[in-house]
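Before any comments, here is the structure.
The values are calculated or read from the model by the stated rules, or taken from the named source; none is laboratory data. All figures in this text were calculated on a predicted structure; none of them were measured in a lab. Counting neighbours? That spans all protein chains shown, and the Cβs are built from the backbone with ideal geometry, glycine included.
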Amino acid sequence: MCISKENKFIKNARIGSYEEKYRPQFHYSPAKNWMNDPNGLVYYEGEYHLFYQHTVNSTSPDFPRMHWGHAVSKDLVHWEELPPAITPGEDGAIFSGSAVADMNNTSGFFNEEGSGLVAIYTNEGNQAQPGKPQVQSLSYSRDQGRTWTRFEGNPVLLPASETADFRDPKVFWHEESSKWVMALAARDRIEFYTSEDLRAWSFASEFGSTVPFVHRGVFECPDIFQVPVDNDPNNKKWVLSLSVGDLNGGNMSDPQPPAGGSGMMYFIGHFDGQSFISDKIIESIHDIQWIDFGSDFYAAVTWNGIPKEDGRVIWIGWMNNWRYANKLPSLEWRGNMSLPREIQLRTCLGGLRLIQLPVKELSKLRNPMSTLTDLVIKPGDNLLSEVTALKAEIIAEFEIGTAIEFGFKLRKSSSQETIIGYDVVNEALFLDRTNAGSADFHPDFAAKHTVTLKPEHKRIQVTIYVDGSNIELFGNEGIAVITDLVFPEPESQGLELYAVGGSVKVISLQISDMTGLWVRE
């Protein structure tokens, strides 16, 4: 069955002006309607593909009619929205999954010695196994993802256990075992399967069901990938990441993501192509390693197929939280992606930590506005009173002095501000959106989010991206990350550099305006 594309849709998909109230300018969002989890991230023949959960006719998540939306980029920052790639049908809605470049035609879907893309996804509402509506299916593309054909042998994997939650396959090629590996979320565990041809799958192992203190909501969107430790290509570790759903309060003994609602955790360990073993024994809730300390980073997965000469591990996440996702005040569209981030592992005082850094390609969007060095800021000073920052990159390094708190006030007006600050006494980086703008759509939205961050040689470094309703904060080169949505009024454009209770030295400060990202017709 070939999934057709109508030219009419291409025109209608671009009704959005990309200039609506709250619309980000250098974070990807579809022209209109609902989006959530990134899916099928794959690099193939010079293009980065970004698929995602997409409701094409509504700004609400219409789960029974969920599509895979589609955008492509040659550089990870300029995106072109294409028509939906895979559409729902009699076999069910198209839920989350992954895509791979089948370079050696292991699937047999392509001409001899040819290659193409294979998408592996969850069909929700499937009737193949009564009472178990979630199964795994395949579609393939011979034209760089522009059209897709459903595999006649679908579904390729049915649940063996009693759980109805059996979804979000992440598939990749495991070099050492020369097999395809699938990591799949099955409610309270991650199940691993292997295959030689992407069609027939064998159960290998599971992880998580017996790990204490990690169960809350439902496990979703797993990923597993190998990362060099301290940039040493001869010393690599495997990272298993997973997203956990919102319990709407839940039991206080359950692990709560740092900012509440839905969130992401990770484990570092060993994977042999069959099973994952975590290096860390979880002995309390405090042993859980969280990926982001804001509310709005979820379901992140990595790109398959990034060339070996590049060498990076890169992922992107959905900037939202299931606690309030379908209530956001954006009217024409609802939901957008984070910036693409490079993942590293760094040895810290407490052991290995996952590091996230905005990808270097973002420099293409940078237009320097202001550069300052070696300044002392005292209470009442604001050297940025003439600077506005609606879509900006801010990179700053501070040397701790006598101030008990310092940082920036963003999207500032007489009645609104978002504060990004450092609490010297408690050694904590924070993002305070309690007075950031519209927040009446959910009682938990207006909040202050905090992460422990120790100074390095008495210095604190921050990289901040401000973009419409989006703020991404990276502390000390990505060791601490806070990702949050804010909804200020358009006139809230001010930027303030502040200090409380004493002075702080600004070693360096660079503020850049960021240009938009879309490829337009």
Exercise for the section: Pairs only if they're at least six apart or on different chains, beta carbon under 9 angstrom, first in the stretch 220-238 and assigned by TED's automatic domain parsing to the domain that holds Leu345 and on the phi > 0 side of the Ramachandran plot, second among the acidic types (Asp, Glu) and part of a strand (DSSP E or B); list them, first residue then second. Expected result: Cys221/Asp37; Cys221/Asp168
Problem - Failed criterion for Leu517 (all others in (1) surrounded by 22 or more Cβ atoms within 10 Å (Cβ to Cβ); (2) in contact with a Gly (Cβ under 9 Å, 6 or more places away or on another chain); (3) not β-branched (Val, Ile, Thr) hold) - result: (2)
Completion exercise
For strands (runs of 3 or more DSSP E) lying entirely in the stretch 250-319, having 1 or more residues that are aliphatic (A, V, I, L, M), without any contact (Cβ under 8 Å) to a residue 60 or more places away in the chain and within 30 Å of Glu361 (Cβ to Cβ) picks out 263-271
Handout entry: Residue satisfying condition, being of a type outside the set (D, E, K, R), modelled with pLDDT under 95 and assigned by TED's automatic domain parsing to the domain that holds Tyr18, within set Gly350, Gly380
Key = Gly350
Exercise for the section: Please find, among Lys391, Lys409, the residue that is under 25 Å from Gly516 (Cα atoms), basic (Lys, Arg) and touching a Leu at 6+ places or on another chain (Cβ under 8 Å). Expected result: Lys409
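So is Gly407 within 26 Å of the chain's Cα centre (by Cα) and on the phi > 0 side of the Ramachandran plot or not? Even if it seems obvious, please write down each step before you answer.
Details: within 26 Å of the chain's Cα centre (by Cα): yes; on the phi > 0 side of the Ramachandran plot: yes.
In short, yes.
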Exercise for the section: Please indicate, with yes or no, whether at least one residue in the stretch 112-128 is of a type in the set (S, T, N, Q), touching a Pro at 6+ places or on another chain (Cβ under 7 Å) and either on the phi > 0 side of the Ramachandran plot or outside any strand (DSSP E or B) (or both). Expected result: yes
Exercise for the section: Kindly establish whether Asp484 is surrounded by fewer than 23 Cβ atoms within 10 Å (Cβ to Cβ) and among the acidic types (Asp, Glu). Expected result: no
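Residues checked against (1) out of contact with any strand residue (DSSP E or B) (no Cβ under 7 Å at 6 or more places or on another chain); (2) closer than 23 Å to Val244 by Cα; (3) crowded, with 19+ Cβ neighbours inside 10 Å; (4) at pLDDT below 95:
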{"residue": "His67", "(1), (2), (3), (4)": "no, yes, yes, no"}
{"residue": "Leu76", "(1), (2), (3), (4)": "no, no, yes, no"}
{"residue": "Pro88", "(1), (2), (3), (4)": "no, no, yes, no"}
{"residue": "Ser107", "(1), (2), (3), (4)": "no, no, yes, no"}
{"residue": "Leu117", "(1), (2), (3), (4)": "no, no, yes, no"}
{"residue": "Pro130", "(1), (2), (3), (4)": "yes, no, no, yes"}
{"residue": "Gln136", "(1), (2), (3), (4)": "no, yes, yes, no"}
{"residue": "Trp173", "(1), (2), (3), (4)": "no, no, no, no"}
{"residue": "Glu176", "(1), (2), (3), (4)": "yes, no, no, no"}
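Is there a residue in the stretch 100-111 that is within 17 Å of the chain's Cα centre (by Cα), in contact (Cβ under 8 Å) with a residue 60 or more places away in the chain and within 23 Å of Trp303 (Cβ to Cβ)?
Of all residues in the stretch 100-111, those within 17 Å of the chain's Cα centre (by Cα) come to none.
Within the stretch 100-111, none of the residues are within 17 Å of the chain's Cα centre (by Cα), in contact (Cβ under 8 Å) with a residue 60 or more places away in the chain and within 23 Å of Trp303 (Cβ to Cβ).
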Practice task
Would you mind telling me which numbered condition in (1) over 23 Å from Ala300 (Cβ atoms); (2) within 21 Å of the chain's Cα centre (by Cα) Val387 fails?
Solution key: (2)
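Please pick out the residue among Leu345, Leu339, Leu375, Leu352 that is in contact (Cβ under 8 Å) with a residue 12 or more places away in the chain, closer than 25 Å to Ser413 by Cβ and hydrophobic (A, V, I, L, M, F, W, C). Can you show your working first?
On the way: Leu345 fails: closer than 25 Å to Ser413 by Cβ; Leu339 fails: closer than 25 Å to Ser413 by Cβ; Leu352 fails: closer than 25 Å to Ser413 by Cβ.
The conditions single out Leu375.
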Completion exercise
If we ask which residues in the stretch 174-203 are under 23 Å from Asn104 (Cα atoms), aliphatic (A, V, I, L, M) and not in a loop (DSSP other than H, G, I, E, B), their number turns out to be 3
Exercise for the section: Could you check how many residues of the stretch 461-486 are of a type outside the set (A, V, I, L, M, F, W, C) and either touching a helix residue (DSSP H, G or I) at 6+ places or on another chain (Cβ under 7 Å) or part of a strand (DSSP E or B) (or both)? Expected result: 9
Completion exercise
When every residue in the stretch 487-501 that is more than 20 Å from Tyr465 (Cβ to Cβ) and touching a Phe, Trp or Tyr at 6+ places or on another chain (Cβ under 8 Å) is compared, the one surrounded by the most Cβ atoms within 10 Å (Cβ to Cβ) is Ala499
Problem - Complete set of residues in the stretch 119-128 that are buried (at least 20 other Cβ atoms within 10 Å of the Cβ) and either free of Cβ contacts under 8 Å to residues at least 60 places away in the same chain or not assigned by TED's automatic domain parsing to the domain that holds Ala101 (or both) - result: Thr122, Asn123, Asn126
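Only one residue in Pro24, Pro130, Pro61, Pro84 is in contact with an Asp or Glu (Cβ under 9 Å, 6 or more places away or on another chain) and not hydroxyl-bearing (Ser, Thr, Tyr), so which one is that? So that I can check it myself, show each step before the final result.
Working: Pro130 fails: in contact with an Asp or Glu (Cβ under 9 Å, 6 or more places away or on another chain); Pro61 fails: in contact with an Asp or Glu (Cβ under 9 Å, 6 or more places away or on another chain); Pro84 fails: in contact with an Asp or Glu (Cβ under 9 Å, 6 or more places away or on another chain).
Checking each option against the conditions leaves just Pro24.
Out of Val301, Val313, which single residue is closer than 23 Å to Pro228 by Cβ, touching a Phe, Trp or Tyr at 6+ places or on another chain (Cβ under 9 Å), surrounded by fewer than 21 Cβ atoms within 10 Å (Cβ to Cβ) and not assigned by TED's automatic domain parsing to the domain that holds Ile471?
Numbers: Val301 fails: surrounded by fewer than 21 Cβ atoms within 10 Å (Cβ to Cβ).
Going through Val301, Val313 in turn, the sole match is Val313.
Is at least one residue of the stretch 434-455 out of contact with any His (no Cβ under 9 Å at 6 or more places or on another chain), over 22 Å from Tyr324 (Cβ atoms), touching a residue at least 24 places away in the same chain (Cβ under 8 Å) and in a strand (DSSP E or B)? Give the derivation first.
So in the stretch 434-455, the residues out of contact with any His (no Cβ under 9 Å at 6 or more places or on another chain) come out as 434-455.
Filter again for over 22 Å from Tyr324 (Cβ atoms), leaving 452-455.
Cutting the leftovers down to touching a residue at least 24 places away in the same chain (Cβ under 8 Å) gives us 452-455.
Now drop any that are not in a strand (DSSP E or B), which leaves 452.
Yes: one or more hits.
Quick check: anything in the stretch 172-183 in the same structural domain as Gln129 (by TED's automatic domain parsing), in contact (Cβ under 8 Å) with a residue 60 or more places away in the chain and of a type in the set (Ser, Thr, Tyr)? Please lay out each step first, then the result.
Kept after step one, since they are in the same structural domain as Gln129 (by TED's automatic domain parsing), are these residues of the stretch 172-183: 172-183.
With in contact (Cβ under 8 Å) with a residue 60 or more places away in the chain added as a condition, the list becomes 172-174, 176-177, 179-182.
From what is left, the residues that are of a type in the set (Ser, Thr, Tyr) are 177.
Among the residues of the stretch 172-183, at least one is in the same structural domain as Gln129 (by TED's automatic domain parsing), in contact (Cβ under 8 Å) with a residue 60 or more places away in the chain and of a type in the set (Ser, Thr, Tyr), which makes the answer yes.
Out of the stretch 344-368, which residues are part of a strand (DSSP E or B) and in contact with a Phe, Trp or Tyr (Cβ under 6 Å, 6 or more places away or on another chain)?
The initial filter retains those residues of the stretch 344-368 that are part of a strand (DSSP E or B), namely 344-348, 351-358, 366-368.
The answer is Leu354, and nothing else.
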Completion exercise
Picked from the stretch 410-433 (must be part of a loop (DSSP other than H, G, I, E, B) and farther than 20 Å from Asp381 by Cβ), the residue nearest to the chain's Cα centre (by Cα) is Arg433
